[in-house]
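Okay, so here's the structure we're looking at.
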Amino acid sequence: MKRIRNGLIIPPLILISLGLVELFFINRGLFLSQLSKVIIYSLLLAGFYFLIKKPYILNYGSIIYYISIPLLIATLLFGKGGVSRWIGVGALTFQPSELTKLGLIFVLGKTLSDTKKTIKTKLTKALIYTLIPFILVMLQPDLGTALTLLIIAFITIWVYGVDPMLIRLAILIPIAMLTSAHIVSTIIFYIMLLSLLIILKEPIYKKILTIGILTLTSLSTPIVWQKMLKPYQRDRLTAFLNPEKSLNKEGWQIYQAKIAMGSGGIIGKGPGKGTQKGLAFLPAAHTDFIFSSFGEEFGLLGLIVILFTFIIFFRTILRTLELKEGNEKLIVSGIFAYFFIHFTFNILSNLSLLPVVGIPLPFLSFGGSHLLTEMASILTLLKLEV
Amino acid sequence: MKPERTLRILLWIIVGIIIVRLFQYQVLEHKKLEILATYNYLKEYKIPAPRGNIYDRNGITLATWKPTFRIMAIPKFLSQEDINSIKTLFGELTINLDTLHQKGNYVQLKSMLTFEEVVKFLEEAPEIKSLVIDAEPVRTYSQDAKYASHLIGYVSEASQEEIEKFQLEYGDFIGKAGCERSLDTLLRGTPGAKFMALDSKGNLIDDNPRPPIEPKQGKDISLTIDIGLQKFADSLFQNYQRGAVFGFNIKTGEVIILYSKPYFDPTNITSSWKEYINNPEKPLINRCTQGLYPPGSTFKLLTALVGLYSQTLSENTAYYCSGGFAFGNRIWLCWKPEGHGTLGLIDAIAQSCNVYFNNVGAHVGTDKFMEILEKFKLPLKTEIPIPGEAKVLIPLEDLLKGRYILPSSVINWSIGQGEIQVTPAWLSLITGIIAGNGKCTLPKITKDEQEKHFNLNLPDEFYNIVKEGMRRVVESRNGTAGYLYDPQLKISAKTGTAQNPHGREHSWFTCFFPNNNPEYVITVLVENAGHGSEAAAPIAFQLVRRFVGEKN
């Protein structure tokens, strides 16, 4: 138990500190702002920790969801900035979509662990709970958050345990979309799909259903891509494939991120010596691209420290997951999904392996909304350990 | 499989992918990306090297450099407003920014600015990002350099072609004519480089992130001419519009005078370019090496050698001149209407008898004449290291292809008329070959150049006969230049009066001195000035007098 508690507290502390170190060398103002947030949120959440008992969290955690949905609507109506992601009162701004993620985790846990309902009702409800915020953030538009919500729901439902066909479909649909880009890859995909279905022992109607849905996906994707997306939107999504050639903002960002990390080498240029971030060649060095910025100054060794700290953290959550049952297990899996998606999307887009969708790196990126949500998630995990 | 297990495996797969990618970026591609990171912020511009000085043989400066200012900027950081404010101050820019491929490097916007202009610019122009003002060495020429402008040449901004060929940049200067061109690689020097660190918005971070590479000035060059003599030649030409003087040392090849009138002023060549180009007198033509003229009687020296070689002529061959020579149904008149009477070869040279040489030509015959000239293997250019030298036209089969060659052609050739066209420099070379008994060093313009030799291996007596004739041109009372005889000057010479279809005859005079041990050749051409003995010869005498006087 103590090991788990340490595994939940120490890695985030290390990561927050490393984030602060990098922010210190990017901009003293940003550093102070982030430091004050860390302190305020810690005090706030420590107070909560001692005041609130575990059953309260399990029963009333979903309140977060019900608060965040009106906030999301408010964002759409009175949003600040070009993209309506933030709402604010005076100088304080907040991104309710971050809170929605945690809210969704509680709602899904509570819904799916309800023993009085049938599986079908529970799944339908879970789907509706997911789709409401999904549509709201898509309207902002915030593709990254929308995807995060979907994957959180997917992993939670998977851990809850459903027909393997659904899980399989959820994994195969994105693959079918990707492979439809080229006729050869499409053929290879279907050959592999057919062989998989032959091996599997399943009722024939499920196999036909699987093939039907996937074929529909493969056929419709190119049409959507060609007819419904504007050229610049396509460029944004494919910029990561060839950042040197893309002249748009996304291409420039990931190209400069590559130069930043690559020029850092194994040991890095040294704290404060990064020219990419220091001379503003690397945009968003303090938020989405803090991983690259850190890599420029602290090199491969520094990044490996970050990676292994994350691994210890994730393994601790997975260990908790093994020990839990019911609602608690679902909440833990949701929280794992939340951290894991942010970690994967952020770093892989820094490394031009995924498109840039504006997802922060947990604990390290500058910003209060995601930090508060992350700290609240940890508080929840700790509370479940009591 | 339990989801926990799958997620654990997924975690390791993702981390594995990240580490492989990081290895690629930070280890395998580190060197390349480090350079790219440096390119991002480290900007560099060229510091042009001052050109080497050009001196005359006495160390008098003909060309040097002075500092001016230039403004540079990185186009991608310039707003339209910035460009407009530069244009209103200085007029059109040196470079068309729209045609640039690379807008991330420094380019020169305006050059050759004075200190006052720069101060005004700094006062009036708003803060322009990435702007740099730096010194620029600019070529200047001395007051007297114009007297040797065709030898010195001039510089101006490199053309697109030259930029590609010599890997220059827009706004770089390059020699365009004269020794500025032929010795450009020596004179140009090695440019240096200055480094600037700029951020992504064009703000200056550090104006000395790396020590600059200092430029190396080009090599100084000492020409073999004497600018005083050039200036003196100009004073002798004050009554004539067009002409040329060429002289060189036949033993060392050193050019002692290269004067061409009209000339240009290399200092303001760019501003006066149109004027020079449109001037009907063609001041940009170097008449010494590019002007082609019929040689007239001066060609008789070669005719004599051809005749002697053919064995139809000897020192003692005598012909009678009645004042005209009949061949076929045409008559060629001698310049002396009453005729020279009976003459030997030496007197024929001295008195420049046309009829005598018409006879020599007629006896050799047109085909044989060309055949022998072919055997002489005379160079068609002096190979003087000044760009643009013209090839002469003499009776050789290759050169006369496509023209009508008649049996009577040789009658014209023998007296330097007909198809024949030579340059003053080339004629000097022929005089030099005769003076040196066949051996002559080809002309060169600096001491350091490698000597190139030419040898026309004929019996010495042939040369001695011709040289005796040339001596008598001056020393004999009947000689065409006999009235100028000065016992102080040991000159042997030949006059020429070249008929040409465009007006009065050109006046030629070619000579070598001293008689007994020939060392120097000087050839004077005065366009449309009549008899060689009247216009060209006195100029040559004055030049030799001054040259010999200064030497002693």
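Taking B:Q167 and the conditions (1) on the phi < 0 side of the Ramachandran plot; (2) without any contact (Cβ under 8 Å) to a residue 60 or more places away in the chain, which numbered condition does it fall short on, given that it satisfies the others?
Of everything listed in (1) on the phi < 0 side of the Ramachandran plot; (2) without any contact (Cβ under 8 Å) to a residue 60 or more places away in the chain, B:Q167 misses just condition (1).
So A:W225 ticks every box in (1) modelled with pLDDT under 80; (2) in contact with a helix residue (DSSP H, G or I) (Cβ under 9 Å, 6 or more places away or on another chain) but one. Which box is left unticked?
The one condition A:W225 does not meet is (1).
How many residues, within the range A:92-121, are in a helix (DSSP H, G or I), in contact (Cβ under 8 Å) with a residue 24 or more places away in the chain and surrounded by 15 or more Cβ atoms within 10 Å (Cβ to Cβ)?
Pass one, the range A:92-121, residues in a helix (DSSP H, G or I): A:96-112, A:119-121.
With the extra rule that they be in contact (Cβ under 8 Å) with a residue 24 or more places away in the chain, the set shrinks to A:96-110, A:112, A:119.
Remaining after also requiring surrounded by 15 or more Cβ atoms within 10 Å (Cβ to Cβ): A:96-110, A:112.
The total comes to 16.
When the range A:307-319 is examined, which residues are found to be touching a Leu at 6+ places or on another chain (Cβ under 8 Å), facing chain B (nearest Cβ under 10 Å) and surrounded by fewer than 21 Cβ atoms within 10 Å (Cβ to Cβ)? Quick ask: steps written out before the conclusion?
We begin by selecting, within the range A:307-319, every residue touching a Leu at 6+ places or on another chain (Cβ under 8 Å); these are A:309-311, A:313-318.
Among the residues that remain, those that are also facing chain B (nearest Cβ under 10 Å) are: A:310-311, A:314-315, A:317-318.
Scanning the range A:307-319 gives A:I311, A:R315, A:L318.
Identify all residues within the range A:320-333 that are away from chain B (no Cβ under 12 Å) and either part of a helix (DSSP H, G or I) or under 15 Å from A:L8 (Cα atoms) (or both); write none if there are none. Break it down stepwise before answering.
First, the residues of the range A:320-333 that are away from chain B (no Cβ under 12 Å): A:325-328, A:331.
Within the range A:320-333, A:G326, A:N327, A:E328, A:I331 meet the criteria.
Within the range B:116-155, restricting attention to residues that are out of contact with any strand residue (DSSP E or B) (no Cβ under 8 Å at 6 or more places or on another chain) and aliphatic (A, V, I, L, M), which residue is farthest from B:D199 (Cα to Cα)?
Here the answer is B:V119.
Just name the residue that is surrounded by the fewest Cβ atoms within 10 Å (Cβ to Cβ) out of those in the range B:323-335 that are of a type outside the set (G, A, S) and more than 37 Å from the chain's Cα centre (by Cα). Quick ask: steps written out before the conclusion?
Taking the range B:323-335 and keeping what is of a type outside the set (G, A, S), we get B:325, B:327, B:329-335.
Going one step further and asking which of them are more than 37 Å from the chain's Cα centre (by Cα), we end up with B:325, B:327, B:329-334.
Working: B:F325: 24, B:F327: 15, B:N329: 6, B:R330: 9, B:I331: 10, B:W332: 19, B:L333: 13, B:C334: 22.
In this case the residue turns out to be B:N329.
Given the range B:457-552, what strands (runs of 3 or more DSSP E) lie entirely inside it while holding 1 or more residues that are touching a Lys or Arg at 6+ places or on another chain (Cβ under 8 Å) and not aliphatic (A, V, I, L, M)? Don't jump to the end; show me each part of the working.
On the way: elements: B:492-500, B:503-513, B:520-526.
Correct list: B:492-500, B:503-513.
Got at least one residue in the range B:411-421 being over 23 Å from the mean Cα position of the chain (by Cα), over 21 Å from B:I465 (Cα atoms), assigned to a helix (DSSP H, G or I) and not acidic (D, E)?
yes
Please tell me if B:K165 is within 14 Å of chain A (Cβ to nearest Cβ) and among the charged types (D, E, K, R). Write out each step before concluding.
Values: within 14 Å of chain A (Cβ to nearest Cβ): no; among the charged types (D, E, K, R): yes.
It is false that B:K165 is within 14 Å of chain A (Cβ to nearest Cβ) and among the charged types (D, E, K, R).
Filter the range B:182-212 for residues that are modelled with pLDDT under 85, surrounded by 15 or more Cβ atoms within 10 Å (Cβ to Cβ) and away from chain A (no Cβ under 14 Å) and give the result.
Within the range B:182-212, none qualify.
Within the range B:93-118, can you find the residues that are under 25 Å from B:P50 (Cα atoms), among the hydrophobic types (A, V, I, L, M, F, W, C) and either surrounded by 13 or more Cβ atoms within 10 Å (Cβ to Cβ) or in contact (Cβ under 8 Å) with a residue 60 or more places away in the chain (or both)?
Result: B:L93, B:I95, B:V107, B:L109, B:M112, B:L113, B:V118.
Quick one: how many residues across the range B:1-49 are among the aliphatic types (A, V, I, L, M), within 9 Å of another protein chain (Cβ to nearest Cβ) and either buried (at least 16 other Cβ atoms within 10 Å of the Cβ) or on the phi > 0 side of the Ramachandran plot (or both)?
Looking only at that region, the number is 10.
Which of the residues that make up the range B:469-478 are within 16 Å of B:T510 (Cβ to Cβ) and in contact with an Asp or Glu (Cβ under 9 Å, 6 or more places away or on another chain)?
B:G469, B:R472, B:V474, listed by residue number.
Which of the following residues is acidic (D, E) and more than 25 Å from B:G344 (Cα to Cα): B:D460, B:D448?
Details: B:D460 fails: more than 25 Å from B:G344 (Cα to Cα).
Result: B:D448 is the single residue among B:D460, B:D448 that is acidic (D, E) and more than 25 Å from B:G344 (Cα to Cα).
Out of all the residues in the range B:148-156, is one or more over 23 Å from B:K261 (Cβ atoms) and not hydroxyl-bearing (S, T, Y)?
Initial filter on the range B:148-156 (over 23 Å from B:K261 (Cβ atoms)): none.
Checking the range B:148-156: not a single residue is over 23 Å from B:K261 (Cβ atoms) and not hydroxyl-bearing (S, T, Y).
Within the range B:50-81, restricting attention to residues that are at pLDDT below 85 and surrounded by fewer than 17 Cβ atoms within 10 Å (Cβ to Cβ), which residue is nearest to the other protein chains (Cβ to nearest Cβ)?
Within the range B:50-81, the match that is nearest to the other protein chains (Cβ to nearest Cβ) is B:K76.
Can B:E161 be described as free of Cβ contacts under 8 Å to residues at least 60 places away in the same chain and in a helix (DSSP H, G or I)?
Working: free of Cβ contacts under 8 Å to residues at least 60 places away in the same chain: yes; in a helix (DSSP H, G or I): yes.
So B:E161 fits the description; yes.
Look through the range A:6-40, keep the residues that are within 21 Å of A:S292 (Cβ to Cβ) and among the β-branched types (V, I, T), and return whichever of them is surrounded by the most Cβ atoms within 10 Å (Cβ to Cβ).
A:I26
In the range A:276-298, how many are facing chain B (nearest Cβ under 9 Å) and either over 12 Å from A:G265 (Cα atoms) or of a type in the set (S, T, N, Q) (or both)?
So in the range A:276-298, the residues facing chain B (nearest Cβ under 9 Å) come out as A:276, A:278-283, A:295-296.
Now drop any that are not either over 12 Å from A:G265 (Cα atoms) or of a type in the set (S, T, N, Q) (or both), which leaves A:276, A:278-283.
Summing the residues that are facing chain B (nearest Cβ under 9 Å) and either over 12 Å from A:G265 (Cα atoms) or of a type in the set (S, T, N, Q) (or both) in the range A:276-298 gives 7.
Identify the single condition in (1) within 32 Å of the chain's Cα centre (by Cα); (2) hydrophobic (A, V, I, L, M, F, W, C); (3) closer than 18 Å to B:P295 by Cα that B:L489 does not satisfy, given that it satisfies every other one.
It is condition (3) that B:L489 fails.
Which pairs have Cβ atoms under 7 Å, sit 6 or more apart or on different chains, and link a residue in the range A:181-199 that is over 16 Å from A:L216 (Cα atoms) to one that is charged (D, E, K, R)?
Going by the 7 Å Cβ cut-off, the qualifying pairs are A:L197/A:K207.
Got at least one residue in the range A:261-270 being within 14 Å of chain B (Cβ to nearest Cβ), basic (K, R) and over 19 Å from A:S352 (Cα atoms)? It would help to see each step written out before you state the result.
Looking only at the range A:261-270, we keep the residues that are within 14 Å of chain B (Cβ to nearest Cβ), and these are A:261-270.
In the following step, the residues that additionally are basic (K, R) were identified as A:269.
This time we only want the ones that are over 19 Å from A:S352 (Cα atoms), so: A:269.
Looking through the range A:261-270, at least one residue is within 14 Å of chain B (Cβ to nearest Cβ), basic (K, R) and over 19 Å from A:S352 (Cα atoms).
Here is a list of conditions, (1) within 30 Å of B:G328 (Cα to Cα); (2) at pLDDT 95 or above, and B:S408 meets all of them except one; can you say which number that is?
Looking at each condition in turn, B:S408 falls short on (2).
Report yes if some residue within the range A:284-306 is surrounded by 23 or more Cβ atoms within 10 Å (Cβ to Cβ), at pLDDT below 95, more than 21 Å from the chain's Cα centre (by Cα) and part of a loop (DSSP other than H, G, I, E, B); otherwise report no.
no
Going residue by residue through the range B:231-248, is there one that turns out to be in contact (Cβ under 8 Å) with a residue 40 or more places away in the chain, polar (S, T, N, Q) and in contact with a strand residue (DSSP E or B) (Cβ under 7 Å, 6 or more places away or on another chain)? It would help to see each step written out before you state the result.
Taking the range B:231-248 and keeping what is in contact (Cβ under 8 Å) with a residue 40 or more places away in the chain, we get B:231-234, B:236-237, B:240-248.
Right, trim to polar (S, T, N, Q) and you get B:241.
Filter once more, so that each one left must be in contact with a strand residue (DSSP E or B) (Cβ under 7 Å, 6 or more places away or on another chain): none.
The answer is no, given that none of the residues of the range B:231-248 is in contact (Cβ under 8 Å) with a residue 40 or more places away in the chain, polar (S, T, N, Q) and in contact with a strand residue (DSSP E or B) (Cβ under 7 Å, 6 or more places away or on another chain).
Quickly run through the range A:230-267 and pick out the residues that are at pLDDT 90 or above and part of a loop (DSSP other than H, G, I, E, B).
Listed by number, the residues that qualify are A:G265, A:I266, A:I267.
Provide a single number: the residues in the range B:336-347 that are surrounded by 18 or more Cβ atoms within 10 Å (Cβ to Cβ) and either out of contact with any strand residue (DSSP E or B) (no Cβ under 6 Å at 6 or more places or on another chain) or assigned to a strand (DSSP E or B) (or both). Spell out the reasoning first.
Going residue by residue through the range B:336-347, those that are surrounded by 18 or more Cβ atoms within 10 Å (Cβ to Cβ) are B:340, B:343, B:345-347.
This time we only want the ones that are either out of contact with any strand residue (DSSP E or B) (no Cβ under 6 Å at 6 or more places or on another chain) or assigned to a strand (DSSP E or B) (or both), so: B:343, B:345-347.
So the count comes out to 4.
Scan the range A:334-372 residue by residue and report those that are of a type in the set (S, T, N, Q), within 14 Å of another protein chain (Cβ to nearest Cβ) and surrounded by fewer than 23 Cβ atoms within 10 Å (Cβ to Cβ).
Narrowing the range A:334-372 to residues of a type in the set (S, T, N, Q): A:344, A:346, A:349-350, A:352, A:365, A:369.
Going one step further and asking which of them are within 14 Å of another protein chain (Cβ to nearest Cβ), we end up with A:344, A:346, A:349-350, A:352.
Within the range A:334-372, A:T344 is the sole residue that qualifies.
The values are calculated or read from the model by the stated rules, or taken from the named source; none is laboratory data. Everything numeric in this text was worked out from a predicted model, so none of it was measured. When we count neighbours, we look across all protein chains shown, and the Cβ atoms used for this are built from the backbone with ideal geometry, even at glycine.
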